[in-house]
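First the structure, in the form of structure tokens, and then the observations on it.
Only the coordinates and a few stated rules stand behind these numbers; no lab work does. Values in this document were obtained by computation on a predicted structure and should not be read as measured data. Because the Cβ atoms are built from the backbone with ideal geometry, glycine has one as well, and the counts that use them run over all protein chains shown.
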Amino acid sequence: MFPRIPRNELIVLSLLSGVRQSYGLDLVRQSDGALKRGSVYVTLDRMEDKGLVESWLAETPAGEQGPPRRLYRITGHGAQALAEYRAALLPGGLAFG
Amino acid sequence: MNPRRLLVTLCVLPASVLFGLPFARVLISSPASVERDAVATAAVFFSAAISVLAFMLGSATLVRTAKLLDDILRSRSRARPRVVRRPPGVSLLELARFCFSSKNFERVLQPIHSDFEVEYNEALAAGETGRAKMIRFRFTVTFVTNAVSLLPLKALRKIYDLAFSPIRPL
């Protein structure tokens, strides 16, 4: 069965699969305008509920300034969903779900 | 002339005149004699002593007063008094902490505020105050939009329907 992943979630999964961990603003900057500041955290929240990503609050490292950041990384389930989507996408060239 | 010195002189002169007047009156009323010379000598001596004393007391007080006035005037002439202010967005964040569940607050609203703080501080550090204002405005819009989207609208709609829908017969 073809896995249906919304466009924004697919972009987040693609970005997170390439890095060990990242935070929301970084994902927005890396997406070149595909993700919006206003919606990225709602998307990440929904993905966390689905088990595609996991998050934790990282304290600011000593010597650096700024608020504590919430970091995200892809889960095994998320990586599997992305792999299945890409595998299904290859022969037919289907668009984002 | 130094204004402080002028003030001291203006204070000391009347004091010496005030204390010297009784002696002057004695000098004018008494006829020329040895006694008058003695009174005149005493008058000069006491006037000088009182003037020195008044000068010392007056100058000490006046210098202190002038310094105080100087400090007050200088502090008023500064552009703005230094006031410790809360960072922008903190009030909204505290209100959201009160209104929303901890899950929604920690996963959605707090990260939005953290991102805003980072961008806002970067803009201020670069001296781009216009961009900082724009970031602040954008944060407010984003924060309020997300907060509204997190409201349990379905529950509110159900309550509205129950309250205002016409009663249907069973």
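If you rank B:PHE139, B:PHE46, B:PHE116 by fewest surrounding Cβ atoms within 10 Å, what's the result?
Details: B:PHE139 22, B:PHE46 14, B:PHE116 25.
Ascending Cβ contact count within 10 Å gives the list B:PHE46, B:PHE139, B:PHE116.
Please determine, in degrees from 0 to 90 and to the nearest 10, the orientation of helix A:7-17 with respect to the longest principal axis defined by the Cα atoms of chain A, where the helix direction is its Cα long axis.
Tilt of helix A:7-17: around 60 degrees.
Pairing the Cα long axis of helix A:76-92 with the longest principal axis of chain A, what angle in degrees results, from 0 to 90 and rounded to the nearest 10?
Orientation of helix A:76-92: about 40 degrees from the principal axis.
Using modelled amide H (1.01 Å from N, peptide plane; none on Pro or chain starts), what sits under 5 Å from the amide H of A:THR75, excluding residues fewer than 5 places away?
Placed amide hydrogens put A:VAL53, A:GLU54 under 5 Å from A:THR75.
Output ³J(HN,Hα) for the stretch B:137-147: one whole-Hz value per residue in order, computed from phi by the Karplus curve 6.51 cos²θ - 1.76 cosθ + 1.60 with θ = phi - 60°, and x for Gly and Pro.
Values, residue by residue: 5, 4, 4, 4, 4, 4, 5, 5, 4, 5, 4 Hz.
How do B:MET134, A:MET47 rank when sorted from fewest to most other Cβ atoms within 10 Å of their own Cβ? It would help to have the intermediate numbers written out before the result.
On the way: B:MET134 14, A:MET47 25.
Starting with the residue having the fewest Cβ neighbours, the order is B:MET134, A:MET47.
Quick one: which residues, 5+ away or cross-chain, put their amide H under 5 Å from the amide H of A:ARG69? H built at 1.01 Å from N.
Hits under the 5 Å cutoff: A:ALA58, A:THR60.
Taking the Cβ of B:LYS103 as the centre, find all other residues whose Cβ is under 11 Å away and add up their charges (Lys, Arg: +1; Asp, Glu: -1).
Details: positive: B:ARG107; negative: A:ASP45, A:GLU48, A:ASP49, B:GLU106.
Residues close to B:LYS103 contribute a combined charge of -3.
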